[in-house]
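Taking it in order: structure first as structure tokens, then the write-up.
The values are calculated or read from the model by the stated rules, or taken from the named source; none is laboratory data. Since the model is a prediction, treat every value here as computed from it, not as a measurement. Cβ placement follows ideal geometry from the backbone for every residue including glycine, while neighbour counts extend to all protein chains displayed.
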Ligand code: PRX
């Protein structure tokens, strides 16, 4: 480990207390071990979990980039999340403490969670769901979303969770692409004191989704909703049927069998379904959460993301349960009814580790220190951040005001595709505000120029990953060609992240941002193409271009340029109507901050919109190389 003072720039070295508590004290030794024997390292990690049948080989790279891990191994991630804890003291340990926005509380021991997952898995089977079937889950942040995901995985069905903040078009496109047979949803969820009407959105989306045979609805808000006879069923009624008993065998899966698909935005076209599998994903998520957040039996872990995103999949649902940890989950908004809701929850439930996003920190920072200072936050011992680069100012606020200068901040860089943390410290690694430090054990990253040469220290370039890792995406579901093209073709043999970054003289990585047409709004990943098609679906819009511009809280905000059809004239009212239109079709997070009406868009000769020119113009920066711009 680096000695005090040996690193460049502003460095926060771990305190003796932090080092004393950390399960892994010698970062360098393990990094070296994993570097020298990648398969040996991952085999050891995998051996800490239970397998129905051990793998024959750790890594098969004979069909690159279609890597396979733990070949021949038989396993089910749910066995390790739930079943195996039933024969230990953890049976009676709390798996989940949940608080609803209105203040209702529910808790599940490992026993109770296991039992309800079994019950619901039996319901799914009784309704005809089989191994390999896709099930779309579109739910608020309530315990049943966790139960639904685990129940699918238990019987070998592939879950496809669609974030509850998405609207009709986004939901419909994802159901259709996955050809889901079932949708699991709720009558609504609470957010900012209001009901999010999920079921209405489902009804709307299903008008155009013939693959869906049944809908299961959790009663959350109790408001009146429409239930379609023969298609829609109440969760609480199904779970009481005799068939829904508390015993359900866990399906024996091959290590490489699909666990879930999760849609994410890419460079072009419609969102792509990232596929993760039972074996490697399980091992990667388990190992990263164990080393990075160092969760131990007395911890109370709060990952404040939504289960609908990869952060929630890996580190609300699967990771903590694999470790037998106690997780905390909160349904609503951080500022409801007051800006100290989160701090009050940390105090009341004795949260020891908080993992959130820069946008949330910046948002809460705006309300000032007096809100957190009203609460005893002394239970905290570690903090974390993910989703976008954290500006040093927000990092320091988080460190000082929330962590009281005691709690190291784990800045974890990773992606839906990577499934697990890729560039991240562990508690004993010296920190620099704004840097995710170095690659996780067994990984190697580099920063390359256009030609594939490593750039000099301090210079910006494309971030690539050089070695395979067990939780890596296996493919884009239904589109293996796009998988190869998108991630493995710019630099043969290397994984292209889509991010730009630089590396400093200590080998620390600093993420700059996306280099493709993906915009990170409040940490959420949106494609310009999705926003543009939502705009063009409005009768007034002939053509549209969306870009991200810096925003103090959201990181980036969407600015859209619209070319109107003949007969329509620009007006404030029309701009507002278009903003609402995008929110209704795609989701409130995609709502453009600003809409500008234009009479032309900068395009290449081949007709591609040059968003970088729009960005440069909006920011008053040089427009760069315009040689491909059409006159
Ligand atoms: O640009 C990087 C940014 O989020 C992208 C991945 O987005 P998504 O697949 O939605 O997953 C987000 C949660 C894992 C990356 O390409 N990103 C993620 N974490 C960080 C980050 N940028 C900087 N620092 C991070 N810690």
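Scanning the stretch 509-537 for residues that are within 11 Å of residue 499 (Cα to Cα) and out of contact with any helix residue (DSSP H, G or I) (no Cβ under 8 Å at 6 or more places or on another chain), which turns out surrounded by the fewest Cβ atoms within 10 Å (Cβ to Cβ)? Selected residue: 512. Going by the conditions given, is residue 153 closer than 22 Å to residue 125 by Cβ, free of Cβ contacts under 8 Å to residues at least 60 places away in the same chain and touching a helix residue (DSSP H, G or I) at 6+ places or on another chain (Cβ under 7 Å)? When the stated conditions are applied, residue 153 does not pass them. Set side by side, the residues 188, 164, 173, 193 differ, and just one is more than 20 Å from the chain's Cα centre (by Cα) and touching a residue at least 60 places away in the same chain (Cβ under 8 Å), which is 193. The residue that is farthest from residue 265 (Cα to Cα), among those in the stretch 552-568 that are part of a strand (DSSP E or B) and within 14 Å of the ligand (Cβ to nearest atom), is 555.
Residue count for the stretch 292-306, restricted to those that are surrounded by 23 or more Cβ atoms within 10 Å (Cβ to Cβ), touching a residue at least 60 places away in the same chain (Cβ under 8 Å) and away from the ligand (no atom under 13 Å from the Cβ): 1. Identify the residue in the stretch 271-286 that is more than 16 Å from the ligand (Cβ to nearest atom) and touching a helix residue (DSSP H, G or I) at 6+ places or on another chain (Cβ under 6 Å) and, among all such residues, is nearest to residue 442 (Cα to Cα). Here the residue is 283. Highlighted here are the strands (runs of 3 or more DSSP E) found entirely within the stretch 459-551 that include at least 1 residues which are more than 13 Å from the ligand (Cβ to nearest atom) and either at pLDDT 95 or above or more than 23 Å from residue 589 (Cβ to Cβ) (or both): 461-465, 495-503, 541-551. The residue that is farthest from residue 496 (Cα to Cα), among those in the stretch 34-50 that are touching a residue at least 40 places away in the same chain (Cβ under 8 Å) and surrounded by 14 or more Cβ atoms within 10 Å (Cβ to Cβ), is 49. Considering the stretch 377-397, and only residues there that are in a helix (DSSP H, G or I) and within 13 Å of the ligand (Cβ to nearest atom), the residue that is farthest from the chain's Cα centre (by Cα) turns out to be 392. Can you tell me which residues in the stretch 398-418 are surrounded by fewer than 24 Cβ atoms within 10 Å (Cβ to Cβ), assigned to a helix (DSSP H, G or I) and within 16 Å of the ligand (Cβ to nearest atom)? 399 - this is the single residue of the stretch 398-418 that is surrounded by fewer than 24 Cβ atoms within 10 Å (Cβ to Cβ), assigned to a helix (DSSP H, G or I) and within 16 Å of the ligand (Cβ to nearest atom). When restricted to residues that are in contact (Cβ under 8 Å) with a residue 60 or more places away in the chain and surrounded by 16 or more Cβ atoms within 10 Å (Cβ to Cβ), the stretch 485-498 contains 6. Looking across the stretch 423-434, the residues that are more than 9 Å from the ligand (Cβ to nearest atom) and in contact with a strand residue (DSSP E or B) (Cβ under 7 Å, 6 or more places away or on another chain) come down to 425, 427, 429, 430, 431. The sole residue among 362, 366, 374 that is surrounded by fewer than 22 Cβ atoms within 10 Å (Cβ to Cβ) and within 16 Å of the ligand (Cβ to nearest atom) is 362.
One line per residue, one yes/no per condition, for (1) out of contact with any strand residue (DSSP E or B) (no Cβ under 8 Å at 6 or more places or on another chain); (2) surrounded by 16 or more Cβ atoms within 10 Å (Cβ to Cβ); (3) modelled with pLDDT under 95:
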{"position": "558", "(1), (2), (3)": "no, yes, no"}
{"position": "572", "(1), (2), (3)": "yes, no, no"}
{"position": "577", "(1), (2), (3)": "yes, no, no"}
{"position": "589", "(1), (2), (3)": "no, yes, yes"}
{"position": "593", "(1), (2), (3)": "no, no, no"}
{"position": "601", "(1), (2), (3)": "no, yes, yes"}
{"position": "611", "(1), (2), (3)": "no, yes, yes"}
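Checked against (1) within 28 Å of residue 258 (Cβ to Cβ); (2) part of a helix (DSSP H, G or I); (3) touching a helix residue (DSSP H, G or I) at 6+ places or on another chain (Cβ under 6 Å), residue 135 passes all but condition (2). Counting only strands (runs of 3 or more DSSP E) that sit completely within the stretch 174-285, those holding 2 or more residues that are under 29 Å from residue 528 (Cα atoms) correspond to 182-186, 189-191, 194-196, 258-264, 272-277.
Within the stretch 437-466, the set of residues being within 21 Å of residue 64 (Cα to Cα) and surrounded by fewer than 16 Cβ atoms within 10 Å (Cβ to Cβ) comprises 444, 452, 466. Screening residue 354 with (1) in contact with a strand residue (DSSP E or B) (Cβ under 7 Å, 6 or more places away or on another chain); (2) assigned to a helix (DSSP H, G or I); (3) surrounded by 21 or more Cβ atoms within 10 Å (Cβ to Cβ) gives one miss only, at (2). Taking into account only those residues within the stretch 618-630 that are out of contact with any helix residue (DSSP H, G or I) (no Cβ under 8 Å at 6 or more places or on another chain) and in contact (Cβ under 8 Å) with a residue 12 or more places away in the chain, which is surrounded by the most Cβ atoms within 10 Å (Cβ to Cβ)? This residue is 618. For the stretch 329-340, check the following and say yes or no: at least one residue is closer than 30 Å to residue 513 by Cβ, within 16 Å of the ligand (Cβ to nearest atom) and over 22 Å from the mean Cα position of the chain (by Cα). Checking the stretch 329-340: not a single residue is closer than 30 Å to residue 513 by Cβ, within 16 Å of the ligand (Cβ to nearest atom) and over 22 Å from the mean Cα position of the chain (by Cα).
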